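Worksheet for the structure shown next.
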Amino acid sequence: MRMTDATMYARVLAGDSAYNGRFFTGVLTTGIYCLPSCKARKPRPENVRFFPSCETARASGLRACKKCHPDDFALGADPVLESIETLVAEVRTAPATFSDARAIVRRSGFGQTRLFELFRQHYHSTPADLLLRARLDVAKQQLSTTGAGLTEIAGNVGFESLSVFHDQFRQHNGLTPAAYRDLARSRSFEVTLPTGYPLGYLRRALSRDIHSVTERLSGDDYLGAVRLSTGPAVLRLKLSSDAVQAEISAGSAFEAHALVIGLLGLDQDAGAFSRLAKKLGVGRLVAERTELRISQTPSVFDGVLWSIIGQQINFPFACLLKRRLVERTGTLLPNGLYAPPTPATVAALEPSELLPLQFSRQKADYVIATARLVASGQLDLQALRTMSATRAERTLLAIRGLGPWSVNYLMMRSLGFADCVPYGDTSVTSSLQALFKLDERPDIDATRRLMSVFSPYRSLATTHLWQLNQPIPV
Ligand SMILES: [Zn+2]
């Protein structure tokens, strides 16, 4: 569907980078053409003409803007983004070579303010936070694959002392570096929860579908059928207010630990978002749940299935379709639960096989086509986790069947990006209306504006908005 000039002009005023490439803005008074996201002064509407491509803009006698480089974008080149991605890859490979965030700024060649803006935009993060996570990730690799001592590892990855390493590791991973190393010889482990962790919300997340065939929660005992790289396994959790006991029936406890940290959302900065919400005068949004996290899906593929299946249907019906797909393609385990399907099993289906399960023809097509992209290696789901958010978003938006809602949902629920909003989500807009006491439900532009104040924590803001009109769990 072709956008109207008014729609395109509104995107230009908003500087909306999501529309880059979908049209180009020609400014007749200056003789240049731009991307919608261009930071140059906004042209007046009467001086603007819109073009579908750089070629058509040039054919009208316009020149490419030197600020936003529309031709580079159209060619798929994005030199600024690429330089940030290269820098981040360096930080992640050798974090010890950067003493602190200032060292990253110096290496980048950008000014500090500009670099912070670029990190926020492309990684939903700050240089300091990205550096800390890089240190912890490399430390985890060394703990699980080498016999190096803890002091040595702390130094290898750039921590100034063993105690800082110990504290940061424990905070992000729920256990000490020594306990993490012990996962090589054990199938069970304990993850410590931060003070005030809202267990009721975790119980709610783990029992969203009360008829689920992959997981079961009774009281504080959770049983989940999961699929690790070695195959199906049963994850058993015992919840309590200060710690979670975990046990995996088969496979690697390191993998199981990563899965549990994701389910608990333990490495998210819940405190920082709650402080921001209070500072903005909307403490009501986080009341009784300041430590709320986004429970991550057990795998990225699981998130992909859910984000396609959940489109434009109500939640109970989406659960029903998901269950039927899992019963059809998953692995039945002795305890009666099904381990989720592999991409290859779903890829082997024909769309006509999903119609009797009440999938629409289009949903069946999308689910199977996407599974085929993954199974054939054209779409690398694990690689999405380490891409910049911008690259991950572009990669996912290029897939037929994944629109802005699905892509943002997937990025926040399965890839751990901190600053996403599933635009078009009616639960988000009705909560925003209630929170800000608006006369009417905000449209997409108003939603964008209202949500912008929560950057770079818009994923957590979304999660709190989803809970706003629900009863507080016990
Ligand atoms: Zn421009």
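Just a few scattered comments:
- If you wrap the tightest convex hull around every Cα atom of the chain and split its volume per residue, you get 160 Å³.
- Neighbour-count ranking [beta-carbon atoms within 10 angstrom, fewest first] of I261, I32, I444: I444, I261, I32
- Computed extension length for V80-R22: 18.9 nm, one decimal, from 0.36 nm per residue of separation with the Cα-Cα distance subtracted.
- Computed over the chain: relative contact order in percent, which uses C-alpha pairs under 8 Å that are six or more apart: 10 percent
- Cα gyration tensor shape of the stretch 186-267, rounded if a/c is under 1.5, else prolate or oblate by comparing a/b with b/c: oblate
- Principal-axis analysis of the Cα atoms of the chain puts helix 162-173 at an angle of about 80° to the longest axis.
- Distance in nm between pseudo-label sites at A369 and A250 (7 Å out along the Cβ direction from Cα): 3.5 nm
- Working note: Cα gyration tensor of the stretch 5-74, eigenvalues times five, square-rooted, sorted largest first, giving semi-axes of 15, 13, 11 Å.
- Packing-based ranking, highest mean first, of 374-381, 428-435 given that Cβ atoms within 10 Å are counted: 428-435, 374-381
- For S252, nonlocal amide neighbours, meaning residues 5 or more places apart or on other chains whose placed amide H falls under 5 Å from its own, are T230.
- Nearest-0.05 FRET efficiency for S207 and E55, computed from C-beta distance (R0 56 Å): 0.55
- Computed extension length for A344-S427: 26.5 nm, one decimal, from 0.36 nm per residue of separation with the Cα-Cα distance subtracted.
- Relative to the longest principal axis of the Cα atoms of the chain, helix 270-279 runs at roughly 50 degrees.
- Rounded tilt (10° steps) of 361-375 against the dominant C-alpha axis of the chain: 70 degrees
Bear in mind these aren't lab numbers, they're just calculated from the coordinates by the rules spelled out. Keep in mind it's a predicted model, so treat the numbers as computed, not measured. Counting neighbours? That spans all protein chains shown, and the Cβs are built from the backbone with ideal geometry, glycine included.
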